[in-house]
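Colleague: I have a structure here, written as structure tokens, and I will follow up with some questions on it.
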Amino acid sequence: MSEGDPERDRVHLPERDRPWVMRTYAGHSNARESNALYRKNLDKGQTGLSVAFDLPTQTGYDPDDELSRGEVGKVGVSIAHKGDMHTLLDGIPLDEMNTSMTINATAAWLLALYMTVAEENGVPVEKLQGTTQNDIIKEFLSRGTYAFPPEPSMRLIADMIAYTVDAVPKWNPINVCSYHLQEAGATPVQEVAYALSTAQAVLDAARERVDDETFPRVFGRISFFVNAGIRFVEEHAKLRAMGELWRELGRERYGVEDERYLRFRYGVQVNSLGLTESQPENNVIRIVLEALAVTMGRNARARAIQLPAWNEALGLPRPWDQQWSLRIQQILALETDLLEYPDIFEGSKVMDGLVAELVDGARQEMAVVAEHGGAVEAVDYMKTQLVESHRARLARIERGEQVVVGQNAFTSAEPSPLQKGEDGGILTVDPNVERDQIEAVRRWREDRDETAVRSALDELGAAARDDGANLMPPTLAAARAGATTGEWAATLREVFGEYRAPTGVEGAAGVVDDETLTEVREKVERVSEALGRRVKILVGKPGLDGHSNGAEQIALRARDVGMDVVYEGIRLTPSRIAATAVQEGVHVVGLSILSCSHRELIPEVLRELREAGAEVPVVVGGIIPDADAQALLDAGVARVYTPKDFELTKSIGDIVDLVAERHGAAAAA
């Protein structure tokens, strides 16, 4: 057809659809280096910011806290006070920028810092646009960066929503986040059901804090952050199903009629769970296909997208790697014809059928969550279901039923040229960053008005003890006075208490038996008989890394083959791991770290074990570059496992052999 053909014009939009907001999830080290990175990304055509915070910032600790050791500036930028936030945003026009902040437990605090910086730069907060993730339920289920128990955490979210709906009307106070549910193993039905159940719990809490006239606007400010996996047709159907159920929820449960507020608004990062360490260049193709899932159909198109980098299964992406992911978005939006057409799935029997299937399944699963008392009360149930789904997924990959090209099929390959060079294809954070941030936060405390800070924190504590008070005003006062992230969180912990989320391991079913599992189970029996008691493993997660999927699956598989397993969940100090190893009399310690803090924390665990008299082998699993793996082996670690070691049963068998060698039961193995 020619360019002016009327047949062609009928299927085109009068105007191209506008492109989505294009972001890269970025931040590392300190505010100054991250600011330079953001400016470069904006110069490359990025149209919004997506701020990655380090684990101490996410969980409410200052850089000099014991639990922050090894974690400062690793998986994001360290922000301890408003001075850091000023540096982070220097030269960035906040009245024009659309900023996403991946922050949950401390979302109210980081938004308060963002607002304070805007005010002190003469930008009215009414003009601020962006999103705080702020979904604490999924932290209990999948990501582990919670700070307070469920009920007060939900109160913080509701207070923030009630405050921002008028004070910061263009801000999305929460991104109900199904992304990490899929990363934890959720099926499409579970991802939809648990995300919408969470949204329902949030809306129920917020409705108690606003009047009936305001509530429809509250409903309209709720956004979502979703995942798109490699089954991209099914993933597109999932998004249409979520939109259908969201409108249904608004109308039927909450009586929202205004079409402006019923629109399903979502941003997306495509799947990182499926990225492989083996043949990592294949990840580029995966990322492109997954991006299609959220851009193909106009009626369900994402309005903001950030794509992972090809090398995230290896370590932290470099600026060049993030640039490549940005270019993928720009090519899709500006070179292809995706934005020229009306919804290409309109009238599709296949798509309509898939959507109906997912809607029906999600309704049923939401009903089960409701039977457990709703999302807050059903955390134990949902966590167990996710662990079980992830177990089933890994078992399918191990058996070859689910093909992962380059990992369990077509494994013969040339070395990747992308990994050549001294850096091995990843970014390494300067080890001096943590020391510098510790010194900086101590100088900040010395130079501020201590009386003003103490007064503001006292008011915050008083508000926390008053269920009727909104926590945002005293949080803002503390931010303006110069309080730190750790001080804000510590004040609330004093009132709300500590919390440890369920692991989901105890209730999960065992893996389906196969030949390899049977062999390892028999080996465990022989070695246990030789040792005089059952082979026992401690699975531990030192530091603040809350990504517990791997640790949970190792604990499950060790249990499946007949080992005694001690698994206490996340956020353990090296001294606690050592004390537990001695107290439980374990034969081996398995450590899991995915936050790049292995170089600092693993030697510390080894030292604590030696001092406690626990002469047991230590194995380590996580995203660990080859050079670091060798350094850990040289330091005394017995084995290092990375994502390429996906056959869990074989790895467990290897660990049993190690126990036998170390404890004189080698003949039995």
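Readers should treat all values here as calculations from the given coordinates under stated rules, not as data from a laboratory. Since this is a predicted model, take the numbers as computed values, not measurements. For neighbour counting, all protein chains shown are included, and Cβ atoms are generated from backbone atoms with ideal geometry for every residue, glycine included.
Colleague: Can you compute the charge dipole magnitude of the range 304-449 about its Cα centre, using +1 on each Lys and Arg Cβ and -1 on each Asp and Glu Cβ, nothing else charged? Give it in debye, rounded to the nearest 20.
Modeller: 420
Colleague: Going by amide H atoms built from the backbone, whose H comes under 5 Å of the H on VAL21, apart from near neighbours?
Modeller: Hits under the 5 Å cutoff: ALA304, ILE305.
Colleague: Let me ask you something else. Which of the listed residues, GLY532, LEU338, PRO502, is farthest toward the dipole's positive end in the chain, when Lys, Arg count +1 and Asp, Glu count -1 at the beta-carbon?
Modeller: Result: LEU338, furthest along the dipole toward the positive end.
Colleague: Give me the dipole magnitude in Debye, nearest 20, for the range 446-496 about the Cα centre, with unit charges on the beta carbon: positive for Lys and Arg, negative for Asp and Glu.
Modeller: About 140 debye.
Colleague: For the range 515-662, what number of Lys pairs, 8 or more residues apart or on separate chains, have alpha-carbon atoms under 21 Å from each other?
Modeller: Eligible lysine pairs with Cα atoms under 21 Å apart amount to 4.
Colleague: Convert each backbone phi in the range 469-486 into a coupling constant with the Karplus relation 6.51 cos²θ - 1.76 cosθ + 1.60 (shift: θ = phi - 60°), then list the ³J(HN,Hα) values in order as whole Hz, x for Gly and Pro.
Modeller: 8, 8, 7, 5, x, x, 5, 4, 4, 5, 4, 5, 6, x, 5, 9, 4, x
Colleague: Is the shape of the range 256-297 rounded, prolate or oblate, going by the alpha carbon gyration tensor and its root eigenvalues a ≥ b ≥ c, with a/c under 1.5 for rounded and a/b larger than b/c for prolate?
Modeller: It is prolate, given that a/c is not under 1.5 and a/b is the larger ratio.
Colleague: Quick one: what are the phi-derived ³J(HN,Hα) couplings along the range 320-331, Karplus 6.51/-1.76/1.60 with θ = phi - 60°, whole Hz, x for glycine and proline?
Modeller: Along the range 320-331, the couplings run 4, 5, 5, 4, 4, 5, 5, 5, 4, 4, 5, 5 Hz.
Colleague: Can you give the helix-only mean residue ellipticity at 222 nm for the chain, where every DSSP H stretch with n ≥ 4 adds -39500 (n - 2.57) and the sum goes over all residues, rounded to the nearest 500 deg cm²/dmol?
Modeller: -15500 deg cm²/dmol
Colleague: Pick out, from THR57, ALA80, HIS12, the residue whose Cα sits farthest towards the positive end of the charge dipole of the range 1-130, with +1 on the Cβ of Lys and Arg and -1 on the Cβ of Asp and Glu.
Modeller: Projecting each Cα onto the dipole axis, the largest value belongs to HIS12.
Colleague: Now a separate question. Nothing charged except the Cβ atoms of Lys and Arg (+1) and of Asp and Glu (-1): what's the magnitude of the dipole of the range 256-383 about its Cα centre? Round to the nearest 20 debye.
Modeller: That gives the range 256-383 a dipole magnitude of about 380 debye.
Colleague: Still on this structure, I have one more. So how do LYS138, LYS127 line up by other beta-carbon neighbours within 10 Å, fewest first?
Modeller: Ascending Cβ contact count within 10 Å gives the list LYS127, LYS138.
Colleague: Further, regarding this structure: Which option, (1) -0.45, -0.60, -1.16; (2) -0.55, -0.72, -1.39; (3) -0.67, -0.80, -1.17, is the value of log10 I(q)/I(0) by the Debye sum over Cα atoms at q = 0.07, 0.08, 0.11 Å⁻¹ that was calculated from these coordinates?
Modeller: So the calculated entry is the one marked (1).
Colleague: Okay, moving on. Cα centroid distance between the range 436-473 and the range 598-613, in Å?
Modeller: A separation of 34 Å, based on Cα centres.
Colleague: Mind listing the long-range amide H neighbours of GLY540? Cut-off is under 5 Å, sequence gap 5 or more, other chains count too, H placed in the peptide plane at 1.01 Å from N.
Modeller: GLY590, LEU591, SER592
Colleague: Using the Karplus curve 6.51 cos²θ - 1.76 cosθ + 1.60 with θ = phi - 60°, work out ³J(HN,Hα) for each residue of the range 178-189 in order, rounded to whole Hz, and write x for Gly and Pro.
Modeller: Ordered by residue, 3J(HN,Hα) equals 8, 3, 6, 5, 5, 4, 8, x, 4, 6, x, 5 Hz.
Colleague: Here's something else I'd like to know. Mind sorting HIS663, HIS547, HIS598 by how few other Cβ atoms lie within 10 Å of their own Cβ, fewest first?
Modeller: Ranked by crowding around the Cβ, least crowded first: HIS663, HIS547, HIS598.
Colleague: Can you tell me which of 215-228, 452-465 comes out highest on packing, and rank the rest after it, using the mean Cβ neighbours within 10 Å?
Modeller: 215-228, 452-465
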